[in-house]
Amino acid sequence: MAVHDECKLKFLELKAKRTFRYIIFKIEEKQKEVIVEKVGEPTQSHEDFAASLPAGECRYAVFDYDFVTAENCQKSRIFFIAWSPDTAKVRNKMIYASSKDRFKRELDGIQVELQATDPTEMDLDVFKSRAN
């Protein structure tokens, strides 16, 4: 599975310049490559991000999560989310599962990985518990 250059470039922008809140990636089966499907502006919320993931198809996503520690320090963590809803077709799930590690290696700087099959597995509480 190839990775389109735009995927790496957008990820670097999110990591270095914090240009985006999130990026959603899609596997384009005909071209056999991962492409950028959607980017979220820095002002967008976790709810906007969750609403952007399709209910019946798999996706990869990166989310820049900001939080405040118990010591009152402002921090952020870059999450990689493998979205694989139960309602997705088996072939779709298999393609995403088999390409995940290869794609993740292309994105240098991911700090936390989440595997989610429904929205409750990547809600804000999950982000909070995994960020520290």
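The values are calculated or read from the model by the stated rules, or taken from the named source; none is laboratory data. Please read all numbers here as calculations on a predicted model, not as lab measurements. Every residue, glycine among them, receives a Cβ derived from its backbone with ideal geometry; neighbour counts consider all protein chains shown. Accessible surface is based on the protein model in full, side chains and every heavy atom, while ligands, DNA and RNA are left aside. Shrake-Rupley method; radii C 1.70, N 1.55, O 1.52, S 1.80 Å.
Counting residues in the stretch 63-75 that are farther than 17 Å from PHE11 by Cα and either open to solvent by less than 50 Å² (accessible area, probe 1.4 Å) or under 15 Å from the mean Cα position of the chain (by Cα) (or both) gives one or more.
Remark: pairs (first residue in the stretch 75-87, more than 13 Å from ARG59 (Cα to Cα) and in a strand (DSSP E or B); second residue open to solvent by less than 20 Å² (accessible area, probe 1.4 Å) and of a type in the set (Val, Ile, Thr); Cβ separation under 8 Å; 6+ apart in sequence or on different chains) = ARG77/VAL112; ILE78/VAL62; ILE78/VAL112; PHE79/VAL62; PHE79/VAL112.
Within the stretch 30-42, restricting attention to residues that are touching a residue at least 24 places away in the same chain (Cβ under 8 Å) and part of a strand (DSSP E or B), the residue that is surrounded by the most Cβ atoms within 10 Å (Cβ to Cβ) is VAL34.
If you check SER52, SER45, SER84, which single one turns out to be small (Gly, Ala, Ser), touching a Cys at 6+ places or on another chain (Cβ under 6 Å) and surrounded by 12 or more Cβ atoms within 10 Å (Cβ to Cβ)? Sole residue among the options that is small (Gly, Ala, Ser), touching a Cys at 6+ places or on another chain (Cβ under 6 Å) and surrounded by 12 or more Cβ atoms within 10 Å (Cβ to Cβ): SER84. Per the listing LYS8, LYS15, the residue uniquely touching a Leu at 6+ places or on another chain (Cβ under 8 Å), assigned to a helix (DSSP H, G or I), among the charged types (D, E, K, R) and open to solvent by 40 Å² or more (accessible area, probe 1.4 Å) is LYS8. For the stretch 55-71, a residue qualifies if it is free of Cβ contacts under 8 Å to residues at least 12 places away in the same chain and not β-branched (Val, Ile, Thr), and the qualifying residues are ASP66, ALA70, GLU71.
ILE27 meets the conditions (1) surrounded by fewer than 16 Cβ atoms within 10 Å (Cβ to Cβ); (2) under 21 Å from ARG102 (Cα atoms); (3) touching an Asp or Glu at 6+ places or on another chain (Cβ under 8 Å) in every case but one. The failed one is (1).
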